[in-house]
Each structure stands twice: as C-alpha cells, then as structure tokens.
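Colleague: Please find one structure pasted underneath; my questions will follow.
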Amino acid sequence: MIHIKSLGYSYGNEEVLKDVHLNIPEKTTCAVIGPSGCGKTTLLYILAGLLKGYKGEVYVSGRPLAGVRKETGIILQDGGLLPWKTVGENIALGIYAKRRTKMPASLQVRKEDKRVMQEKIDNVLCELDIKAHCDKFPSQLSGGQKQRAAIARALVTDSDLLLFDEISSALDAVTKEKIQELILRLQQKNGLTLMTITHSIEEAIFLGQQIVVMEKSKIKQIIENPYYGKRMLYSDEAYYELYQVVRTFLYEGEKR
Amino acid sequence: MKGLRRVVQSKTLHGFLILLVIWELTHQLLHSNIVPNPIATGVVFVRLMSQELLWHMGASLLRIGVAIVIAMLIGIPLGLWTGSSKRADAVFSPVVYVLYPLPKIAFLPVFMLLFGLGNVSKIILVVTIIVFQILLGTRDGVKEIPKELYYAVKALGSDQWTMYRHLIIPAVLPKMISSLRISVGIGLSALFFSENYAASYGIGYFIMDAWAVMKYKEMFAGILALGIMSFLLFKAIDLLEKRLCSWMFISQ
Ligand SMILES: Nc1ncnc2c1ncn2[C@@H]1O[C@H](COP(=O)(O)OP(=O)(O)OP(=O)(O)O)[C@@H](O)[C@H]1O
Ligand SMILES: [Mg+2]
C-alpha cells in the first residue's frame, strides 16, 4: 500500500527527514514512535499529499504520490475539527469536499444525494457511538468524543488508508484504550491500511503490526510485532522483552 | 406586564439612563443654554423628526451604508488574497502601510475637485478611510488560521472553493466583524466632517447648521440623532455577528 524509498525532506535549510525507507503492505498496520521533533508528523503530511518538494520516491496504492488522495483519511494531532461546524456538519464536509472534485457543480446536491449522504453520516455516527452529539459543536465535546468525531470524518468517505497523528495522547487511560480498540476493530473489519503515530509504547504494540522507531530525522529500527491486537500484561515475559527493546531503541535514538 | 418588566430591567435602558443623568448634570452645572437639558432637547428632537431631521439621518445612513458596502467589496477580497498568498502580501502590504495612516480627510478638497461636491466625494472619503481597516483585519484573520486546521481541510480533498467556503471565510468572519465595528466608528466621524462642506443634507450638515445660527436645542437634537444612528449601526453589526458566528455564542 505504502512504499517509501530514500525519502528526504527539508524545511528551508533544516533537514527533517533523510533517507527514509518504509513499506506498509495493504491491510496491515504500522505504528510510528519516536522522540518529539524527529519528523513523524512531517512524514505523515508527506504521505497525506500535503507537502511537496520531497526527495526520493513515495508510492501509495501502487501509484506515485501526487497530491491529496481521495481514499486517504487523516487525523492530525489536534483532531482538526472546524469549530464553526457541528459534529454532523464536520463529517458531512468529509463527503462534500471529495464529491465536489468529482462532479460538475450543477449536479452536486440533489435531493436523493442528500439522503444517501445523511444515511452514511448516521451510520458512522452510530458505529462510533456519537449519534447523540451530532448537533453539538466541537467545543462542547470531551476529548474522547472529539477524537471519535474526527475518526468518523476520516472513515465516512470509505477510506482504505488511514493516517493518524497521536490521536490518543490527550485522553485518559480508559478512553485511550477504548479508542485504540475502536480503531483496531474498524481496521480489521474494513481491511484498512493504517499508519498511526504515537508516543506510547503500549499503543504502538497494540496497534502496530510493524513498529517503526524513529530517531532525529531517520528510522532507527523497524520491529515486527507479534502482539498486535492483544492486550498483554507486563508480567508476560516475551511482551515485556519487546517493550524493553522498543524502549531501548527509543532511548538510543534520543541520545544522539 | 411581562413586556414592561423586561424593558425596565433591560441593561441597555440602564446605560441610557446613566447617560441622561450625566447630560442633565452637565446642563445644571454649566447653567447655560449651550448645553440644553435633555428633556427640552427630546421635545425638539421629536418635533424635528416629523420634519426634516429624518431626511438628514437617512442621507447620512445611506452614505455610510454605501461606503461600508464598497469598502467591504474592495477590502475583503484583497484581504483574503494578501492573507493567503505570500507574494501578494509582499507586494501589497507595504503600499497599504504607507497609505493607511495618511490623513485622508486632508484630501477631501481633492476628492471634491475630482468627483464633484455631491455624494460621491463624501462616500469616497469614507471608503478610503475604512477600507484599510477591513483589508488588514481580513488579512490577519486569514494568517491566524492554524496550519493544522488548514491541512486537515486540505487533506479531505478540498478544492480551492471548498477551502474558502468552509475554512477561510468562516475563520475570518469574527475578525472581519471587529474591523467592521471600528470602521463604523471612524466612518461616522469622517462622514460628519465631510458633511460640513458643500452639503445641504446629512446629519453633519444639520448639526453644524444649527450651531452656526446658535440653535443649541436643534444642534443637540442632531447630536442625539447621530447617537441613535450609531447605536442602530452597532446593533445591526451585533445581530450580524450573532447570525454569522453563532458558534461563538454557544454556552460551554
Ligand atoms: N513548518 C515548519 N517549518 C520549519 N520547521 C518545521 C516546521 N514544522 C516542523 N518543523 C521542524 O521539523 C522537525 C520535525 O517536526 P515534526 O512536526 O515532524 O516532529 P514530530 O516528530 O511530529 O514531533 P512531535 O512528536 O512533537 O509531534 C522539528 O524539528 C520541527 O521544528
Ligand atoms: Mg507531531
């Protein structure tokens, strides 16, 4: 699904990504973990087609990356919900924005079209259990509800690739686990490809079939993870070992 | 009964009462007909309203209204453009910075020479004064949109139109409305000034005319009318804000 070959990127003179190689096969997941400022968000922006002028090659779904791709759903570090739109309107924008580019303006919002759209929105709202909050504004929601709404917007357009940036960082322990499980369920049920950035080793192990440990502007190590989708206890020896391996790589990356 | 209680308890009314008390006190202290008492002024005001005062108010409202619309039609697109294009900003902003503080009022004779003594030169004067306010307010509003929000909407696959319609314009509306408020304030003062010259209609003309013949009650009735106009304009902007930016007023 994602194929990255010697990718490099600079903001002005500051080189923030160099020589990155990464493969994410279709319908698999990848968790990216690394110290603050190492270039995780930049990598995600590039994959989302938001940053141009990178070096190297990036293929998404077999084709060279060329701008924003309709089937990619992303959630940025703060959710990116528009404060002047209700949850329902925010989700509708996901559909509307993609529609526009496909259809001539005169055909856009026909009546039955609106009904289909509303049905789709209702479906994701139910799926994510935020139907009751459909008419609220983002500022009226809790952190977890906001993230659900953001996920709903990323899902509503039948995405096949999801790019998530620290979507559980600001949540309490229970909500965090609930969101992680929700993502896992949706990913498995719909056969989605997922890249998720996180600061939590546990989350990386729970959500990533591959765990990509980054250091300043580089990939330090890619770890195949047998514990993807399983809630493990630290008392499990092998799990604890993996945890320590990731931790060690993180620390080593931090030092340099 | 309920309606009456609402009026009595209205904060707006309390504010006006305080204003009237200060006015009355000033009148008592000065002990001069230069500041007539509020009640006598009110009587004159009511009488004049059924005569020519309403026309003067209408003429001024029309001028300021047209000026605001024109200034918005020029200032908003330019503001959106300079806000979203670095190159446009680099070309335009220095020009704006030079023109903004120039005393446009000093150019009134030039405008009158070019555009005649009538409405056009007065409207153009007000436009040149407030257009920069609106332009800069809009531009800064665009610049203040968080990068993440911009990326989030862009990543949905939005085209240029969707970006403006759903992100940029709603994001700058609050700032645009603030600059509109400031514009009404300075626009009215500028209009008042311009109506002192070669005018036979307009609230500025009315006030200064009454002053010239020392009819102080008439003059104060005119000032009262100007205050009412200003109040109505600001109220209209408040209403506009409540309608367009309703999301800012939800109780949290
Ligand atoms: N628009 C920008 N202009 C210049 N430099 C930038 C810009 N955005 C990010 N950077 C720099 O690029 C580097 C990588 O930033 P990035 O946001 O990708 O880090 P990150 O790994 O996502 O960090 P965090 O975990 O804190 O979110 C940082 O050193 C940052 O200062
Ligand atoms: Mg980041």
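Only the coordinates and a few stated rules stand behind these numbers; no lab work does. The model shown is predicted, which means the values in this text are computed figures rather than measured ones. We place every Cβ from the backbone using ideal geometry, glycine too, and count neighbours over all the protein chains shown.
Colleague: Just for chain A, what percent of DSSP beta bridges are antiparallel, to the closest 5? Kindly include the intermediate steps, with their values, before the conclusion.
Modeller: Numbers: 20 of 38 bridges.
In chain A, DSSP labels about 55 percent of beta bridges as antiparallel.
Colleague: What net charge is computed for the residues neighbouring A:G79, neighbours being all others with C-beta under 12 Å from the C-beta of A:G79, Lys and Arg scored +1, Asp and Glu -1?
Modeller: Details: positive: A:K146, A:R148, A:R153; negative: A:D78, A:D165, A:E166, B:E148.
Once positives and negatives cancel, what remains is -1.
Colleague: Another one. Around B:P36, what is the net charge, scoring Lys/Arg as +1 and Asp/Glu as -1 over all other residues with Cβ under 12 Å from its Cβ?
Modeller: Numbers: positive: B:K215, B:K217; negative: B:E24, B:E218.
Neighbour charge sum, excluding B:P36 itself: 0.
Colleague: Quick one: length gained pulling B:S85 to B:L30 fully straight, 0.36 nm per residue minus the C-alpha distance?
Modeller: Going from the current span to full extension adds 14.1 nm.
Colleague: With a ≥ b ≥ c the root eigenvalues of the C-alpha gyration tensor of chain B, is it rounded (a/c under 1.5), prolate (a/b larger than b/c) or oblate? Present the calculation step by step, with values, prior to reporting the outcome.
Modeller: Numbers: a/c = 2.86, a/b = 1.52, b/c = 1.88.
In terms of gyration-tensor shape, oblate.
Colleague: Could you check which residue among B:L135, B:L53, B:L13 shows the biggest mean-square fluctuation in a GNM of chain B with a 10 Å Cα cutoff?
Modeller: Checking each option, the largest mean-square fluctuation is seen for B:L13.
Colleague: Under 17 Å from the Cα of A:K176, which lysines turn up, not counting those fewer than eight places away in the same chain?
Modeller: Output for A:K176: A:K146, A:K230.
Colleague: In this model, which of A:K27/A:K85; A:K52/A:K218; B:K175/B:K235 are farther than 22 Å apart at the alpha-carbon? Can you show the working numbers first?
Modeller: Details: A:K27/A:K85 32 Å; A:K52/A:K218 19 Å; B:K175/B:K235 17 Å.
Pairs exceeding 22 Å: A:K27/A:K85.
Colleague: Moving to a separate point now. Remind me, relative contact order of chain A in percent, using alpha carbon pairs under 8 angstrom and six or more residues apart? Don't skip to the end; give the middle numbers.
Modeller: On the way: 450 pairs, mean separation 68.3, N = 256.
Computed value for chain A: 27 percent relative contact order.
Colleague: Distance between Cα centroids, the range B:46-98 to the range A:1-52: provide it in whole Å.
Modeller: 47
Colleague: For the range B:174-191, just list the computed ³J(HN,Hα) in residue order, Karplus coefficients 6.51, -1.76 and 1.60, θ = phi - 60°, integers in Hz, with x standing in for Gly and Pro.
Modeller: x, 5, 4, 5, 4, 5, 5, 4, 4, 4, 4, x, 6, x, 5, 5, 5, 5
Colleague: Just to confirm the number: angle between the C-alpha axis of helix A:111-127 and the first principal axis of chain A, 0 to 90 degrees, nearest 10?
Modeller: 40
Colleague: For the protein assembly as shown, what proportion of DSSP beta bridges, expressed in % and rounded to the nearest 5, is antiparallel? Walk me through the numbers on the way to the answer.
Modeller: Details: 20 of 38 bridges.
So the antiparallel bridges amount to about 55 percent of the total.
Colleague: In addition: Among all the aspartates and glutamates, which ones have a C-alpha under 17 Å from B:K217's C-alpha, if same-chain residues fewer than 8 places away are not counted?
Modeller: Of all the aspartates and glutamates, those that pass the test against B:K217 - Cα under 17 Å, at least 8 places apart if same chain - are B:E24, B:E52, B:D209.
Colleague: If you find the alpha carbon centre of the range B:125-202 and of the range A:60-80, how far apart are they in angstrom?
Modeller: Rounded to whole Å, the Cα centres lie 33 Å apart.
Colleague: For A:K220, what residues show an amide H to amide H distance below 5 Å, using hydrogens built from the backbone and excluding near sequence neighbours?
Modeller: Amide H neighbours of A:K220: A:V213, A:M214, A:E215.
Colleague: Expressed as an acute angle from 0 to 90° and rounded to the nearest 10, what is the orientation of the C-alpha long axis of helix A:87-100 relative to the principal long axis of chain A?
Modeller: The angle comes out at about 90 degrees.
Colleague: Reachable aspartates and glutamates from A:K55, Cα under 15 Å, same-chain residues fewer than 8 places away excluded?
Modeller: Answer for A:K55, where 15 Å is the Cα cut-off: A:E14, A:E15, A:D19, listed by chain and number.
Colleague: Among A:A92, A:A170, A:A152, which one shows the biggest mean-square fluctuation in a GNM of chain A, springs joining Cα atoms closer than 10 Å?
Modeller: Its mean-square fluctuation being the largest, the pick is A:A170.
Colleague: Go from 0 up to the bin containing the longest alpha carbon distance in the range B:114-220, width 5 Å each, and give me the % of pairs per bin.
Modeller: That works out to 2, 11, 15, 13, 11, 11, 9, 8, 6, 5, 4, 2, 1, 0, in percent per bin.
Colleague: Turning to a different aspect of this structure: Most mobile of A:I91, A:I46, A:I205 per a Gaussian network model of chain A (Cα springs, under 10 Å)?
Modeller: A:I46
Colleague: Same structure again: Where the Cα atoms of the protein assembly as shown are projected onto their three principal axes, how long is each span, largest first, in whole Å?
Modeller: 98, 58, 52
Colleague: Here's something else I'd like to know. Considering only the other residues whose Cβ falls under 13 Å of the Cβ of A:P64, what net charge follows from Lys and Arg at +1 and Asp and Glu at -1?
Modeller: That sum, taken over residues with Cβ under 13 Å, equals +3.
Colleague: Can you give the calculated 222 nm mean residue ellipticity of chain A, where each DSSP H run of n ≥ 4 adds -39,500 (n - 2.57) and the sum is split over every residue, rounded to the nearest 500 deg cm²/dmol? Can you show the working numbers first?
Modeller: Working: 7 runs with 96 residues, N = 256.
That calculation yields -12000 deg cm²/dmol at 222 nm.
Colleague: Turning to a different aspect of this structure: To the nearest 10 degrees, how steep is helix B:86-99 against the longest Cα principal axis of chain B, on a 0 to 90 scale?
Modeller: With rounding to tens, the tilt is 20 degrees.
Colleague: While we're on this one: Which distance in Å, rounded to a whole number, links the C-alpha centroids of the range A:109-152 and the range B:1-40?
Modeller: 52
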